[in-house]
Amino acid sequence: MIPRVRLPADVRLETLAVREGLPASPWGENSEALFLTSCFVHPDAATAARRFANEEEAFVYSRFSNPNLTIMERRLAALEGTSGCIATGSGMGAILLMFLALLKAGDHVVCSQSVFGSTIKLLQGEFAKFGVESTFVSQTDLAQWKAAIKPNTRLLFAETPTNPMTEVCDIQALADMAHNAGALLAVDNCMCSPALQQPVKFGADIVMHSGTKFLDGQGRVNAGALCATQVMVDEKFLPVMRSGGLSLSPFNAWVVAKGMETLSVRMKAQSDNSLQLAQWLEQHPAVARVYYPGLPSHPQYELAMKQQSGSGGAVLSFDVKGGREPSFAVIDATQVCSIAANFGDVRSIITHPATTTHGRLTEAQRQAAGIGQGMIRMGVGLEHIEDLKADLARGLDAVAA
Ligand SMILES: *Cc1c(COP(=O)(O)O)cnc(C)c1O
């Protein structure tokens with residue numbers, strides 16, 4: 001048995017985030033050690049045999065078991081409220097692991113059309129090639145989800161809120177729909193993180209993460225994970241990890257585990273900054289529209305507040321009046337924000353989705369998704385709110401003048 005940290009049963013998320021993991025090694029370190037070892041030594045041949053046959057729980061080989069992975073997995077499972085978790089080398093690696101483990105030729109997936117672009121590519125490209133069918137539906141129209149379900153539907157997949165439109169889907173309604181059809185619901189929880197939203201509370205079966213975003217929180221590593229029951233992890237995901245090797249490195253797992261210690265305070269502070277920035281942008285004469293679930297003007301404001309602990313999160317988008325030229329000017333006038341295509345960092349990141357993250361779509365697909373040439377996305381960080389406003393005001397005031 002791999003021992004557990006001893007904690008009172010009723011401790012809260014903030015406590016779990018800094019305390020859940022593994023007990024210290026015999027050296028008594030207070031901060032988690034790094035276990036940069038590819039394999040583990042066994043006391044004798046018979047013990048090694050039992051461990052390789054899964055008859056005795058122990059660390060064996062870092063492709064699928066390592067103390068740094070266990071620390072990160074137990075910590076994330078505790079925050080998401082699941083009994084199990086498995087770490088992967090990236091967020092996309094987590095989605096690939098889930099599809100490989102749960103789907104076979106002839107199965108069908110219903111997926112929101114607004115999920116992360118690579119997820120759509122993975123289903124439409126790779127999995128279609130192996131005979132897995134998928135139907136893409138509106139993020140917010142439950143009737144479309146229902147109509148898309150077929151006898152061979154095994155999985156519903158959604159992400160909420162979406163990027164960059166911040167559309168929110170009803171997790172409980174989708175979970176009920178999936179379960180009535182004998183299917184599972186998986187939710188990509190990158191945008192909110194478990195500090196704001198725990199999809200299993202609303203009935204989701206699997207929660208997927210890109211640790212690259214808020215879990216690391218400081219833009220250092222790529223990582224991913226699937227949270228589900230320990231039974232699903234052991235029976236479905238772990239065998240594919242053992243043979244497929246979608247592993248996370250122990251060092252990156254350590255970085256993400258340390259990042260999670262400050263997740264809650266970062267999410268609160270970055271969400272506060274985001275709300276203030278969204279309110280300020282909504283009043284600016286050069287801004288046509290702001291997309292942020294924390295604003296009462298957002299179409300799913302009430303649902304978002306219910307699912308996301310009363311918070312809008314730390315990603316927002318807005319349309320600059322006049323299209324691409326003025327929106328490029330606003331981006332280029334910033335001196336504090338990073339011009340990049342990520343979010344979930346303590347540094348604010350400013351992005352022009354139509355020419356970067358969503359640049360591979362056709363103009364027609366972008367228009368259908370509502371992503372115009374004037375749209376700017378912000379991953380809001382921890383800088384002082386007045387500095388962020390000033391950074392955007394420089395360009396926006398020039399556009400309005
Ligand atoms: C970034 C991201 C992913 C993919 O994660 P990687 O770690 O980059 O592979 C998946 N879903 C969402 C919502 C993301 O933002």
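Structure data summary
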| item | result |
| --- | --- |
| Nearby lysines by direct alpha-carbon distance to Lys201 (threshold 21 angstrom, same-chain neighbours under 8 apart not counted) | Lys268, Lys306 |
| Between 0 and 90°, nearest 10: helix 385-400 axis offset from the chain longest Cα axis | 40 degrees |
| Potential extension, Asp397-Asp44 segment - 0.36 nm per residue separation minus Cα distance | 119.9 nm |
| Antiparallel DSSP beta bridges within the chain, as percent of all bridges there, nearest 5 | 55 percent |
| Cross-link reach list, lysines versus Lys104, counting only Cα pairs under 21 Å and skipping chain neighbours closer than eight places | Lys121, Lys129, Lys150, Lys236 |
| Efficiency of FRET from Cβ geometry, Ala173 and Asp387, R₀ 60 Å, rounded to 0.05 | 0.90 |
| Helix 171-180 axis, angle to the chain major axis (alpha carbon atoms, nearest 10°) | 50 degrees |
| Estimated [θ] at 222 nm from DSSP helical runs (n ≥ 4, -39500 (n - 2.57)) normalised by residues in the chain, nearest 500 | -10500 deg cm²/dmol |
| Sites Gln276 and Tyr301, calculated FRET efficiency, Cβ-Cβ separation with R0 22 Å, nearest 0.05 | 0.85 |
| Dipole of region 13-260, positive end: most advanced residue of Ser118, Met191, Met260 [Cβ charges, Cα centre] | Ser118 |
| Overall dimensions of the chain as given by Cα atoms, namely Rg and Dmax in Å | 21.7, 78 |
| Exposed-site-free run, longest, the chain (rule: trypsin sites (Lys or Arg not before Pro); DSSP loop; at most 13 other C-beta within 10 Å) | 105-359 |
| Extension gain from Val18 to Lys150, taking 0.36 nm per residue of separation minus the Cα-Cα distance | 43.2 nm |
| Residue among Ile349, Phe52, Ala228 farthest towards the positive dipole end of the chain, charges placed on Cβ | Phe52 |
| For region 13-260, with +1 on Lys and Arg beta carbons and -1 on Asp and Glu, the positive-most of Leu79, Phe35, Val132 along the dipole | Val132 |
| Approximate spin-label separation Ala9-Lys268, in nm, with each point projected 7 Å along Cα-to-Cβ | 2.7 nm |
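None of the figures in this text is laboratory data; all of them are computed from the coordinates on show. Being a predicted model, the structure only gives us computed values, none of them experimental. Heads up, the Cβs are rebuilt from the backbone with ideal geometry, glycines too, and the neighbour counts pull from every protein chain shown.
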